[in-house]
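Here's the structure we're looking at; comments come further down.
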Amino acid sequence: MKHKIPVSRRAAGIEYAIRDVVVPATELEKEGHQLIKLNIGDPLAYDGFPTPPHMVEAYETALREQKNGYSPSYGVPELREAIAYDEREKENGGWACRPNNVYVTTGVTEALQILFASFLEPGDQVLAPGPHYPPYLAYPPLFDGVVTEYRLESDNGWRIDLSDLEAKMDENVKLLVLINPNNPTGGIVIREELEKVIDLVSMFPNCTILSDEIYDRYNFSGTHVATASLSESVPVITLNGVSKVFYAPGWRVGYMALHDPEERLDNVRDGIERLLRSRLCASTPAQYGYLAGLSGEKEWLVSYRDKLLERRDYAVKRINEIDGVETETPEGSFYMFPKLLDERWAADDKQFVLDFLHQEHVLMVHGSGFSKALGSGHFRLVFLPQTELLGEAFDRLNRFLN
């Protein structure tokens, strides 16, 4: 037998539940089965949410004008200005963001890798909500960090368990993660929670808040508050991008925006900038497409949001009519995180997802893929599809469970 070159422990340990479940689904498709896919948060995968034409046109114009070269490592200047303006003008109060606070990245996932590389030394901790988006668990160990999860209350709209969070804060915590609205639960972090979190972090001078707000315009009650707008001393790094609320996930353009009122991040900022320069730049033409979204008219966002809200309400009603499963109403994002009531499935949510896939050809994601401790016994689905397709999926779910 030929010698097999070993893979690194870092790479071998990576799991990404959202795409890992695609592997068995692809095998079923090769056998000729048609699947209903409720697994991935890609608006372009479903009818009714195309990337707006004026953004596509701006992308195309950039291509025609040969804006295909390397752009500045920190982002196209006009885009950085537009992002800073958008942060200053956020609904319910923005913050004093300036273009030099903004760094454009290849999606939020690259921003996370750069931030973890810039902040973490061996043994440093990242506090992340449980359940949470998988890279928050997968990436810190690549940079010798340790992830600790704080609990979200599954029976209380997925609010932060502040007592649990406080018990887990110590001097080793370098980054505290907020995902608002949350992926995978659809829960939101209300102003009072944000204020308490900021007060808590203020007692730990080496800790910075990472506020992932990529679903900010999907707060269905219109109560989203930018974390940075509430902080007078604690550093807050806001994460956002073009993927979700501007409906262009494949463009891979995101950003981090640093709010550092006491200038405590000067050394970290130097590290961030060094890493950004070393990887050259984000996609240049895609940045111009994002610029058009931020600077152009936004009336279309209302119709998209209304359509999404209608599908959410339908999905909540249908799920809660099925014996064996129940759900909190998502207050934001386009995900819901139903709870499995049958003890057999609650004890093995991944097997539930796989059995349901093979028997009924509906693809979802197991809750334990978002947190083994705090996501187990649930599953995530997206409610982006048209109600007819959602209805068929829920009919199959009812048949499978009952």
Members of the range 47-99 that are hydrophobic (A, V, I, L, M, F, W, C) and within 26 Å of the chain's Cα centre (by Cα)
49, 55, 56, 58, 76, 79, 82, 83, 84, 95, 96, 97
Might you check whether a residue that is within 22 Å of residue 133 (Cα to Cα), at pLDDT below 95 and more than 12 Å from the chain's Cα centre (by Cα) occurs anywhere in the range 208-216?
no
Of the residues that sit in the range 345-370 and are in a loop (DSSP other than H, G, I, E, B) and closer than 21 Å to residue 42 by Cα, which one is farthest from the chain's Cα centre (by Cα)?
361
The residue that is surrounded by the fewest Cβ atoms within 10 Å (Cβ to Cβ), considering only those in the range 375-395 that are of a type in the set (Phe, Trp, Tyr) and either over 10 Å from residue 314 (Cα atoms) or at pLDDT below 95 (or both), is 394
Keeping to the range 346-396, report how many residues are closer than 22 Å to residue 48 by Cβ and either hydrophobic (A, V, I, L, M, F, W, C) or not assigned by TED's automatic domain parsing to the domain that holds residue 40 (or both).
12
Top-ranked residue in the range 304-320 [being in contact (Cβ under 8 Å) with a residue 24 or more places away in the chain and surrounded by fewer than 18 Cβ atoms within 10 Å (Cβ to Cβ); ranked as farthest from residue 245 (Cα to Cα)]
314
Residue selected from the range 115-159 under the condition surrounded by fewer than 23 Cβ atoms within 10 Å (Cβ to Cβ) and of a type in the set (Val, Ile, Thr), by the criterion farthest from residue 193 (Cα to Cα):
146
Filter the range 319-344 down to residues that are closer than 23 Å to residue 219 by Cβ and either assigned to a helix (DSSP H, G or I) or touching a Cys at 6+ places or on another chain (Cβ under 6 Å) (or both), then give me how many there are.
2
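Residues checked against (1) modelled with pLDDT of 95 or more; (2) over 30 Å from residue 207 (Cβ atoms):
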{"site": "263", "(1), (2)": "no, no"}
{"site": "280", "(1), (2)": "no, yes"}
{"site": "293", "(1), (2)": "yes, yes"}
{"site": "296", "(1), (2)": "no, yes"}
{"site": "301", "(1), (2)": "no, yes"}
{"site": "305", "(1), (2)": "no, yes"}
{"site": "316", "(1), (2)": "yes, yes"}
{"site": "338", "(1), (2)": "yes, yes"}
Report whether or not residue 185 is among the polar types (S, T, N, Q), surrounded by 22 or more Cβ atoms within 10 Å (Cβ to Cβ) and either in the same structural domain as residue 268 (by TED's automatic domain parsing) or within 21 Å of residue 261 (Cα to Cα) (or both).
yes
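Residue check: is residue 245 modelled with pLDDT under 95 and within 30 Å of residue 296 (Cβ to Cβ)?
Criteria met by residue 245.
The values are calculated or read from the model by the stated rules, or taken from the named source; none is laboratory data. Just so it is clear, the model here is predicted, and its values are computed rather than measured. Note: ideal-geometry Cβ built from the backbone for every residue, glycine included; neighbour counts use all protein chains shown.
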